[in-house]
Each structure stands twice: as structure tokens, then as C-alpha cells.
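Novice: First the structure, which I've put down as C-alpha cells, then a few questions once you've had a look.
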Amino acid sequence: MTGNMTHVFSEQELLQQTFLQHVEVFDTLASTQDRALELCADPSLMLAALIVTERQTAGRGRDGARWWSPEGALLFSLIVPLPPKFERADSSGQLSLAVARAVADYLQATLQSTDAAEQVRVKPPNDVYLADAKIAGLLIDVPHPPEGCSRREILGIGLNVNNDLSNRPVDIQVPVTSISQQTGRKHDLQESLVSLLDHIEKILMTNDE
């Protein structure tokens, strides 16, 4: 299923090159997380499912905070069944840290030719930094599953890739950075997404604790 036309992301290639079973791509969307919550009400939804957009007009972060969603950032929500290894009391917190670690692993691989690779760190519970500058954020929602369905997790991820950080809102006080700022070049968002999904799949599918 495809949303508004986009030239940045290819639904067909995402389905062919990743573990995804359902993909929706948009040029503009209010919130990928809100769209994912709507999809989760469908018992026939095939997982894993992805909603990705070039621009987000009403993104939200942890505890209802506004999520700055500039063009050039990688903005998506991933719906997955709860992996068995996270079936414990604080599973969302454990899963959040694990996925943040996957984002960090992706960044280290992407920035391996730069000094920044050694500065990647996870800042619990849901952020990834390069030294003292934020580069990615994660939000997890756990909707009530449809009748007869197992628990589903929605992983909302925002990653600064090619976005212009000079235009960030004045209320964003923390230092921020992007992949392009560190490498000095623009990056293909489709290729970045496929690679990041590969790192996330490894985290979700491995059986180690």
C-alpha cells in the first residue's frame, strides 16, 4: 500500500530487500506513529510493517513532546510482533535500549571512516548521540492488539541524515548533529533505511539476551 507519491523511497525495493511484509510511503504525513497505531487495529496486517515519510508535520516524542521532523531526516515507524526474548515485565524499556543499540551500530558502520564513529553512544532510555550532540531518537508505543492477535510493538525512529540543522526550532536546546554533517556529503535515504532495517532485524531476531 502506498500513500502520497514519493521519489525518495521505493515500496517495491523495501519489500524485496528487507524483512518487511507491508510498506506505506508518503511524501508528507502528520505522524508515522499515529498512522502505525491506526494500522495496528487491523488483525490481518502482515508484520513487519513500515510507515515512512519524507516530511512529518505533527511528530511526537517521549511523554508527548514535539518531535522535530525536518526534511532530509529519516522518519519512520516499524510495527513488529513482540520478540520472545523481550517477553518480560519491562519489555518496552528493554526493547527500546536494544533498538537504540541497533541504531548506534548502524551509525558506527556508516561513520567508520570518520572520527565520529568512536563517539557514538546510546543515551537511555531512547536517544542516540555523537559525543554530546543528539543524532537520533526512538519512541515505542504498545497498542492494544486486535482480538486473537499477539502483542505488537511500534518502533518510531527519527534519524538526522541530510537535514539542515541550522533551521532547528529555538526550543530545541540540546546540541544536534547529522550524518551528512559528519561525512561532508549527502546520503541516499532509501539505502540508509535498508541498512538500518538490517541492523534492527538482527537485534529483533537473535535469541541472545
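The values are calculated or read from the model by the stated rules, or taken from the named source; none is laboratory data. As the structure is a computational prediction, the values presented were derived from the model and not from experiment. For neighbour counting, all protein chains shown are included, and Cβ atoms are generated from backbone atoms with ideal geometry for every residue, glycine included. Note: accessible area is taken over every heavy atom of the protein model, side chains too, but ligands, DNA and RNA are not part of it. Shrake-Rupley method; radii C 1.70, N 1.55, O 1.52, S 1.80 Å.
Novice: Among residues belonging to region 18-47 that are open to solvent by less than 60 Å² (accessible area, probe 1.4 Å), assigned to a helix (DSSP H, G or I) and of a type outside the set (A, V, I, L, M, F, W, C), point out the one that is farthest from S192 (Cα to Cα).
Specialist: It comes out as R35.
Novice: Do you know which residues across region 177-191 are open to solvent by 10 Å² or more (accessible area, probe 1.4 Å) and either in contact with a Phe, Trp or Tyr (Cβ under 6 Å, 6 or more places away or on another chain) or outside any loop (DSSP other than H, G, I, E, B) (or both)? Can you show your working first?
Specialist: Start the filter on region 177-191 by keeping residues that are open to solvent by 10 Å² or more (accessible area, probe 1.4 Å), which leaves 180-191.
If the condition is that a residue be open to solvent by 10 Å² or more (accessible area, probe 1.4 Å) and either in contact with a Phe, Trp or Tyr (Cβ under 6 Å, 6 or more places away or on another chain) or outside any loop (DSSP other than H, G, I, E, B) (or both), then S180, Q181, Q182, T183, L189, Q190, E191 are the ones that fit.
Novice: Also: Quick one: is G93 within 15 Å of I203 (Cα to Cα) and either open to solvent by less than 40 Å² (accessible area, probe 1.4 Å) or at pLDDT 90 or above (or both)?
Specialist: Values: within 15 Å of I203 (Cα to Cα): yes; either open to solvent by less than 40 Å² (accessible area, probe 1.4 Å) or at pLDDT 90 or above (or both): yes.
In short, yes.
Novice: Filter region 155-184 down to residues that are touching a Leu at 6+ places or on another chain (Cβ under 6 Å) and among the hydrophobic types (A, V, I, L, M, F, W, C) and give me whichever is modelled with the lowest pLDDT.
Specialist: By that ranking, first place goes to V176.
Novice: For region 8-17, does any single residue satisfy the condition of being in contact with a Leu (Cβ under 7 Å, 6 or more places away or on another chain) and either without any contact (Cβ under 8 Å) to a residue 24 or more places away in the chain or part of a strand (DSSP E or B) (or both)?
Specialist: No, every residue in region 8-17 fails to be in contact with a Leu (Cβ under 7 Å, 6 or more places away or on another chain) and either without any contact (Cβ under 8 Å) to a residue 24 or more places away in the chain or part of a strand (DSSP E or B) (or both).
Novice: Let me ask something else. Just name the residue that is surrounded by the fewest Cβ atoms within 10 Å (Cβ to Cβ) out of those in region 4-17 that are hydrophobic (A, V, I, L, M, F, W, C) and in contact with a helix residue (DSSP H, G or I) (Cβ under 9 Å, 6 or more places away or on another chain).
Specialist: V8
Novice: How many residues does region 118-128 contain that are modelled with pLDDT under 90 and open to solvent by less than 30 Å² (accessible area, probe 1.4 Å)?
Specialist: 1
Novice: Since P145 meets every condition but one in (1) open to solvent by 30 Å² or more (accessible area, probe 1.4 Å); (2) at pLDDT 90 or above, which condition does it not meet?
Specialist: P145 satisfies all of (1) open to solvent by 30 Å² or more (accessible area, probe 1.4 Å); (2) at pLDDT 90 or above except (2).
Novice: Mind listing just one residue for me: the one in region 181-196 that is among the small types (G, A, S) and over 19 Å from D127 (Cβ atoms) and, of those, nearest to the chain's Cα centre (by Cα)?
Specialist: From region 181-196, those among the small types (G, A, S) are 184, 192, 195; that's our starting set.
Keeping just the survivors that are over 19 Å from D127 (Cβ atoms) gives 184, 195.
On the way: G184: 23, S195: 12 Å.
That would be S195.
Novice: Further question: Which residue, of N167, N160, is in contact with a Pro (Cβ under 9 Å, 6 or more places away or on another chain), within 20 Å of A58 (Cα to Cα) and open to solvent by 50 Å² or more (accessible area, probe 1.4 Å)? Before the answer, list the steps.
Specialist: Values: N160 fails: open to solvent by 50 Å² or more (accessible area, probe 1.4 Å).
Answer to the check: N167.
Novice: Tell me which of these A131 doesn't satisfy, since it passes every other one: (1) of a type outside the set (D, E); (2) touching a Leu at 6+ places or on another chain (Cβ under 6 Å); (3) open to solvent by 30 Å² or more (accessible area, probe 1.4 Å); (4) without any contact (Cβ under 8 Å) to a residue 24 or more places away in the chain.
Specialist: Condition not satisfied by A131: (2).
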